[in-house]
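One structure is given here, and the rest of the page talks about it.
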Amino acid sequence: MALMKKQLDWHDIQAIVFAGYGDLPRARYAFLRVKHPERAKAWLRELSEQVTTMKQLQGAKAEGQRKDHAVHVAFTEKGLAALGLPREVRESFLPEFVEGQTSAHRARALGDTGASAPHKWCFGGPVREGEEDKEIHLVLMLFTHGDEQHLEEMESLHARHRERYAAGLGEVFVQDACLRRMDGEEGTQNGFKEAFGFRDGITQPTIEGTPAKPGQTPPIKAGEFILGYENAYGQLPSSPTVSAEQDSRGLLPALEGSSRKDLGCNGTYLVLRKLRQDVESFEHFLHEHSRDPEDPQGDAHRRELLAAKLMGRWRSGAPLSLCPARDDKELGRDTTRNNDFLYGNDPHGLRCPMASHIRRSNPRDTLIPDSSKTSLKVSDRRQLIRRGRPYQDSNGEQGMMFVALNANIQRQFEFIQQSWMNNPKFTGLYDSRDPIAGNNHDPELEGSRAENYAVSIPAEPVRQRITGVPRFVHVRGGAYFFLPGIQALRFLAS
């Protein structure tokens, strides 16, 4: 086994693990395929000196400067094969990474069915014979200043990289995304919203070994997110390895008591999915189920309350657990308070419904009845670092480029998706999926009947039960990637 690291290697870990780049609003994801392996590796050798590390961000901050851009790179299993990594090495990665997102059984488990089926994706779907040029091998992630209208810095940065990689790699798909400020909150921390209008990026785990900030949750073991460090089970997460002979340049750390080297050290797994959000359908649903002919003046408040009940937060970011009846925009803005709550005093979901998005994706202290401590421990073992950003394409389609980092795809991302978000029997429910992001009624899914998709909103004396919940979030593309440490990137380029 590898030696368990005690301190984070700031110089070797790609900074996206720690940094959300709120000061670099524009993002571009260039999905590439290897055309000429040796030329591709030559570009990667050069790129390994340009990938942003936390050490670089810390150095810039110490000098009173800010980075004007950031660069990151991650690889699919097919990409590692295209670079010449032997099969026996690739098979030492997690099985779900090797298999990818698009197999039939994984698509069912993730809810990628109907209109969200992989063969309908705009990138990352199954590659048919004769369409090998659509196979994704890696993603180059670029971050710059600029808003949705100003692309100059991004175009210039991408052009510089394209000039270098064009000889060895081809572009399969390019996706832009951009952070959107909450109305009237220019320059405020966490003042970003997603397509449905909710404040986004509030719940993020605190990694053990990183500086503490006011309002942060208790730290979680670094090995839950980064390979080479102790995880929540007191163990090292599974990590890919190579033989000592393959690492002739001595770039990778040795495994204790073994002749093999740790390829995964300081790396992690990156889950990327393009999620289309049907804003029109969502707003129509809110309108239809909040009208009251006897009190039309209250429709607007009921509409926002229903939206909050589905999400678990008001659009401002204020959690229902702390302000169940009325929005509190000041609380929503306050990063020291807007995530400081548990559900133990709300066992029946009268404040925040059990079916709501944030309660399903992070049940906190109520996952296991009569054991809040155990519940918190289980919930902490399913956490994700989220680095997603909203997008709006030229055809008007909008949604989220979902990006999540975790050390164990199956135990973290896939478990949340299958067992919490898409599970109709979650915490005693029986026909209710995540009302925001779950795989609800989809007319394109054979056999899907609207009456089988419902959401219950507890209330006294009578709960509100809504049937025919449509699917608001549809998958448009995706892949599993390995985000290597800098030394591992140099090894792959060699």
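The values are calculated or read from the model by the stated rules, or taken from the named source; none is laboratory data. Just so it is clear, the model here is predicted, and its values are computed rather than measured. Glycine gets a Cβ as well: all are built from the backbone with ideal geometry, and neighbour counts include every protein chain shown. The accessibility values were calculated without ligands, DNA or RNA, using every heavy atom of the protein model including side chains. Shrake-Rupley method; radii C 1.70, N 1.55, O 1.52, S 1.80 Å.
List of remarks:
- Restricted to the stretch 296-339, and to residues there that are surrounded by fewer than 16 Cβ atoms within 10 Å (Cβ to Cβ) and of a type in the set (D, E), the residue that is nearest to S456 (Cα to Cα) is D299.
- Residues located in the stretch 409-421, provided they are out of contact with any Ser or Thr (no Cβ under 7 Å at 6 or more places or on another chain) and either assigned to a helix (DSSP H, G or I) or over 16 Å from R273 (Cα atoms) (or both): Q410, R411, Q412, F413, E414, F415, Q417, Q418, S419
- When restricted to residues that are assigned to a loop (DSSP other than H, G, I, E, B) and under 20 Å from W121 (Cβ atoms), the stretch 250-293 contains 1.
- Selection within the stretch 456-494 - without any contact (Cβ under 8 Å) to a residue 40 or more places away in the chain and charged (D, E, K, R): R463, R465
- Of the numbered criteria (1) part of a helix (DSSP H, G or I); (2) surrounded by fewer than 17 Cβ atoms within 10 Å (Cβ to Cβ); (3) among the charged types (D, E, K, R), the one R359 fails is (2).
- Any chance S371 is polar (S, T, N, Q) and either touching a Lys or Arg at 6+ places or on another chain (Cβ under 6 Å) or open to solvent by 40 Å² or more (accessible area, probe 1.4 Å) (or both): no
- Residue identified as touching a residue at least 60 places away in the same chain (Cβ under 8 Å), surrounded by fewer than 20 Cβ atoms within 10 Å (Cβ to Cβ) and farther than 20 Å from K67 by Cβ among T210, T203: T203
- Cβ-Cβ contacts under 9 Å between residues 6 or more apart (or on different chains), taken from a first residue in the stretch 331-354 that is closer than 13 Å to G215 by Cα to a second residue that is open to solvent by 70 Å² or more (accessible area, probe 1.4 Å) and among the polar types (S, T, N, Q), are listed as R333/Q189; T335/Q189; T335/Q216; T336/Q216; N339/Q216.
- From the list S259, S238, S281, S248, the one residue that fits, being small (G, A, S), within 30 Å of Q398 (Cα to Cα) and surrounded by fewer than 20 Cβ atoms within 10 Å (Cβ to Cβ), is S281.
- For the stretch 149-169, the set of residues classified as under 25 Å from L270 (Cα atoms) and either open to solvent by less than 10 Å² (accessible area, probe 1.4 Å) or of a type in the set (D, E) (or both) consists of M154, E155, L157, H158, H161, Y165, G168, L169, listed by residue number.
- Every residue from the stretch 457-494 that is more than 30 Å from L83 (Cα to Cα), open to solvent by less than 20 Å² (accessible area, probe 1.4 Å) and assigned to a strand (DSSP E or B): I457, I466, V473, H474
- Identity of the residue in the stretch 107-116, touching a residue at least 24 places away in the same chain (Cβ under 8 Å) and either of a type in the set (D, E, K, R) or in a loop (DSSP other than H, G, I, E, B) (or both), that ends up most open to solvent (accessible area, probe 1.4 Å): T113
- Failed item in (1) within 30 Å of R26 (Cα to Cα); (2) touching an Asp or Glu at 6+ places or on another chain (Cβ under 9 Å); (3) open to solvent by 20 Å² or more (accessible area, probe 1.4 Å); (4) not in a strand (DSSP E or B), with M400 passing the rest: (4)
- One residue stands out in the stretch 130-156 among those that are part of a helix (DSSP H, G or I) and under 30 Å from G100 (Cβ atoms): the one that is modelled with the lowest pLDDT, namely E132.
- Looking across the stretch 410-455, the residues that are open to solvent by 70 Å² or more (accessible area, probe 1.4 Å) and either touching a residue at least 24 places away in the same chain (Cβ under 8 Å) or closer than 22 Å to Q101 by Cα (or both) come down to Q410, Q418, G428, P443, E444, E446.
- Single residue of L94, L85 found to be surrounded by 14 or more Cβ atoms within 10 Å (Cβ to Cβ) and more than 18 Å from L272 (Cα to Cα): L85
Here is a yes/no grid of residues against (1) at negative phi; (2) assigned to a loop (DSSP other than H, G, I, E, B):
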residue	(1), (2)
E49	yes, yes
A70	yes, no
G84	no, yes
F93	yes, yes
